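Trainee: Structure below; questions to follow.
The values are calculated or read from the model by the stated rules, or taken from the named source; none is laboratory data. Note that the structure is a prediction, hence the values are computed from the model and not measured. As a convention, Cβ positions derive from the backbone with ideal geometry for all residues, glycine included, and neighbour counts pool all protein chains shown.
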Amino acid sequence: MENIFDAMKERRSTKSYDPTKEIATDELVEILQLAGRAPSAWNLQQWHFLTFHNKEAQEKLLPIAYNQQQIVDASAVIAVLGDLEANKNADPVLDPSIEKGEMTQELKDILVRQIEGAYSRELYPRDAAFSNASLAAMQLMLAAKGKGWDTCPIGGFNPQKLMEEFDVSDRYVPIMLITIGKPIQEARKTDRLDIKSLITWAK
């Protein structure tokens, strides 16, 4: 893929994968590193990637995802989790900037007060988990496409059973599953609404 624009134009949701194709762990980690470069509120990185990179784990995931064949045929599956307690990331995120002289302690103290104020509100942690983790999920799919892999975001799964089966902490909320693999057939083309119908110019 030559550039980000090609990846954005050519990415489609692929549901039929070649089950014989494997993705190297190093390449998968690189894709996740790129996904982790997504923007996030206060740079708290409100996501966690529960990664399924072997057929045994994918088989366990299959009934949780309502037996969608792509779960086991894909080269890997990523469960994107949102972090409901991302305020706990403040020190490990901000302290290195202080050590490098890129941030003052005073600025950190201001940011921490903002963060704790936001996370004290009832709905904010969940809203922030969904919005920020979704940014990482989209970046993951573009990174994969840029490296020659197809993906499909999946909302059809049982989040509670996912948490129970794979012992996911209640610190996290499941956002979506993303399959990654090589297609065995071209993904179905879809049209888009006229963008003009989705734009309102504020006055």
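Trainee: Got a sec? Which of Gly101, Gly148, Gly156 is under 30 Å from Asn3 (Cβ atoms) and not in a helix (DSSP H, G or I)?
Mentor: Gly148
Trainee: Tell me the residue from Ser16, Ser97 that is modelled with pLDDT under 95 and either at positive phi or small (Gly, Ala, Ser) (or both), please.
Mentor: On the way: Ser97 fails: modelled with pLDDT under 95.
Among Ser16, Ser97, only Ser16 is modelled with pLDDT under 95 and either at positive phi or small (Gly, Ala, Ser) (or both).
Trainee: Could you check, for region 82-90, whether at least one of its residues is surrounded by fewer than 22 Cβ atoms within 10 Å (Cβ to Cβ), more than 21 Å from Trp149 (Cα to Cα) and touching a Gly at 6+ places or on another chain (Cβ under 9 Å)?
Mentor: There is no residue in region 82-90 that is surrounded by fewer than 22 Cβ atoms within 10 Å (Cβ to Cβ), more than 21 Å from Trp149 (Cα to Cα) and touching a Gly at 6+ places or on another chain (Cβ under 9 Å).
Trainee: Here's another thing I want to ask about it. Filter region 163-176 down to residues that are crowded, with 19+ Cβ neighbours inside 10 Å and under 29 Å from Lys21 (Cα atoms), then give me how many there are.
Mentor: 4
Trainee: So Leu140 clears everything in (1) closer than 27 Å to Asn87 by Cβ; (2) over 15 Å from the mean Cα position of the chain (by Cα) except one condition, right? Which one?
Mentor: Result: Leu140 fails condition (2) only.
Trainee: Got a sec? Which of Glu2, Glu56 is modelled with pLDDT under 95, at negative phi and loosely packed, with under 14 Cβ neighbours inside 10 Å?
Mentor: Sole residue among the options that is modelled with pLDDT under 95, at negative phi and loosely packed, with under 14 Cβ neighbours inside 10 Å: Glu2.
Trainee: A further question follows. From the residues in region 153-197 that are β-branched (Val, Ile, Thr) and out of contact with any Gly (no Cβ under 6 Å at 6 or more places or on another chain), which one is nearest to Ile64 (Cα to Cα)?
Mentor: Ile154
Trainee: Here is a list of conditions, (1) assigned to a helix (DSSP H, G or I); (2) touching a residue at least 40 places away in the same chain (Cβ under 8 Å), and Gly82 meets all of them except one; can you say which number that is?
Mentor: Result: Gly82 passes all but (1).
Trainee: Separate question: Which residues, counting only those in region 1-56, are among the β-branched types (Val, Ile, Thr), part of a helix (DSSP H, G or I) and farther than 18 Å from Pro183 by Cβ?
Mentor: The answer is Ile4, Thr25, Val29.
Conditions (1) modelled with pLDDT under 95; (2) crowded, with 16+ Cβ neighbours inside 10 Å; (3) not in a helix (DSSP H, G or I), marked per residue:
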residue	(1), (2), (3)
Ala133	no, yes, no
Ile178	no, yes, yes
Gln185	yes, no, yes
Arg188	yes, no, yes
Leu193	yes, no, yes
